[in-house]
Amino acid sequence: MILVDAGEVFAVYPNPIVNRKFTVEFSDNDTSPVYVVLIDQLGRTYEHAEFENARQEIQLGESIPSGIYFLKISKGRTQKTIKVTIL
């Protein structure tokens, strides 16, 4: 899934998430920290990560059940929420 907003491009893959592992990748030169939060359909937070790399692989905990979740990604003044499935 690739999203474009105000000239900023980032990707989250794979979706669905397999083996509890996914990657967030930015193609801009902004060095602002990136915040990623995994939220279930009831609004409960399961995981959160912060990084400054343009590409980051994130490993989720084994206790997270399979299902549909939302990834809230924030970088600088940009914030997006992406629907993801964990298998």
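Some notes on this structure:
- Computed over segment 2-86, Kirkwood Rh from alpha-carbon pairs, angstrom: 13.1
- Evaluated with a Cβ-only charge set (Lys, Arg +1; Asp, Glu -1), the chain carries a dipole of roughly 260 debye about its Cα centre, given to the nearest 20.
- Here the gap between Arg20 and Ser32, fully extended at 0.36 nm per residue and compared with their Cα-Cα distance, gives a gain of 1.8 nm.
- Neighbours of Ala54, meaning other residues whose beta-carbon lies under 11 angstrom from its beta-carbon, give a summed charge of -2 when Lys and Arg score +1 and Asp and Glu score -1.
Laboratory data are not the source of any read-out in this text; all were calculated from the coordinates shown. As the structure is a computational prediction, the values presented were derived from the model and not from experiment. Cβ sites come from the backbone with ideal geometry, for glycine too, and all protein chains shown count toward neighbours.
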